Amino acid sequence: MLDNFKSRVSHRLARRKYAPVIEIQRSTELLRLGSSFGGWTFEPSADLQRSVIVSCGLGEDASFDIEFASRFCAKVIIIDPTPRAIRHFEAIQERVGQPAVRSYVKQGQQPVDAYDLRKITDESLILERSALWIENAKLKFFAPSNPGHVSYSVINYQNNYSQETSHIEVASITLEALFAKYHLHGIPLIKFDIEGAEIQVIRYMLEKAMHPRQLLVEFDEMNSPSDRSKQNVEEIDTLLRREGYSCRYFDGHTNFLYMLRP
């Protein structure tokens, strides 16, 4: 018990010490959709109605994707090659059109009968079973350090960036290839929850002059605070601001909303 308390205190101190310096210009019109674990905050703008968005990272909580598709009559292209995520998605497909029969749970493993799927069709949610990355290749997808967790990682930040820990091999896809595959052009919103790969992927996105109006991003490296994580997040923040984005929301942990200034 004492060791756990010391560990929590140490982690809080590290978070404070290595917190990136990011200016927040909070939007006055924000909406949060999804469970307490898997929900996201964004601006409910008119361009989201009947839109196509890209949601990178599913895990076992599709609450945001389902609520977004239902509310905006939208199509959500989800990217995740994790075996447990694929099984979760397949279980959702089997319940399409059915109402929820229980409430969300607080953890990240949602029972599929907690989803209200009455407005969801087979075309509402599309799963791309690849890892989003900066090249189209076969790559190592590293297992989480805690076997109870679902999310694998391309960069393995949970295991000190080692290339030798437990992994599977998966196909990766770039944003450029993804847009070509699904005939996407300008899209209003992208969500990145990709276990540390967001640093390189956002750089790639900006290099390719791809500018979604809203960018929802979890900077996962902030869960393992260090000089490296602080530097990475601040560098991406600087790049986004140079491209015309401003940070409009921060949940106090790792999730941010960036919006392209008009």
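Here LYS230 is the anchor, and the lysines within straight C-alpha reach of less than 23 Å, apart from those fewer than 8 places off in the same chain, are LYS6, LYS17, LYS191. Taking Cβ atoms as reference points and 13 Å as the exclusive limit, the residues near ALA69 contribute a net charge of +1, counting Lys and Arg as +1 and Asp and Glu as -1. Output needed: percent of Cα pairs per 10 Å distance bin for region 170-236, bins running from 0 to the one holding the longest distance. Answer for region 170-236: a P(r) of 19, 51, 26, 5 percent. Considering only alpha-carbon pairs that sit under 8 angstrom and 6 or more positions apart, the relative contact order computed for the chain is 20 percent.
I'd like the antiparallel share, as a percent to the nearest 5, of DSSP beta bridges with both residues in the chain. Can you show the working numbers first?
On the way: 19 of 37 bridges.
Taking every DSSP beta bridge with both residues in the chain, the antiparallel ones total about 50 percent.
Which of SER130, SER36, SER229 ends up with the largest GNM mean-square fluctuation for the chain, with Cα atoms connected below 10 Å? The residue with the greatest mean-square fluctuation here is SER36. The label-point distance for VAL21 and ASP251, in a model that sets each label 7 Å from Cα toward Cβ, rounds to 2.6 nm.
Put a dot 7 Å past the Cα of ALA14, heading toward its Cβ, do the same for ASP227, and the two dots end up 1.5 nm apart. Between ARG129 and LEU184, the distance separating the two model label sites (each 7 Å from Cα on the Cα→Cβ line) works out to 2.0 nm. Kirkwood radius for region 1-125, taken over all pairs of different Cα atoms as the inverse mean of 1/r, rounds to 16.5 Å.
Across all directions, the shadow cast by the convex hull of the chain built on its C-alpha atoms averages 14.2 square nanometres. Which residue, HIS211, HIS88, HIS185, tops the fluctuation ranking in a GNM of the chain built on C-alpha contacts under 10 Å? Greatest mean-square fluctuation among the candidates belongs to HIS185. The largest accessible area among HIS183, HIS253 belongs to the first residue in HIS183, HIS253, and the rest follow in falling order (1.4 Å probe, all chains). I need the fraction of alpha carbon pairs in region 203-262 separated by more than 20 Å, rounded to a whole percent. In whole percent, the long-distance tail amounts to 23. Counting Lys and Arg as +1 and Asp and Glu as -1 over every other residue whose Cβ lies under 11 Å from the Cβ of ALA91, the net charge comes to -1.
The GluC sites (Glu not before Pro) of region 19-69 that meet both conditions, a loop assignment by DSSP and at most 14 other Cβ atoms within 10 Å of the site Cβ, are GLU23, GLU29.
The values are calculated or read from the model by the stated rules, or taken from the named source; none is laboratory data. Just so you know, these numbers come straight off a predicted model, no measurement behind them. With ideal geometry, Cβ positions are generated from the backbone for all residues, glycine too; neighbour counts draw on all protein chains shown. Just so you know, the surface numbers come from the protein's heavy atoms only, side chains and all, with ligands and any DNA or RNA stripped out. Shrake-Rupley method; radii C 1.70, N 1.55, O 1.52, S 1.80 Å.
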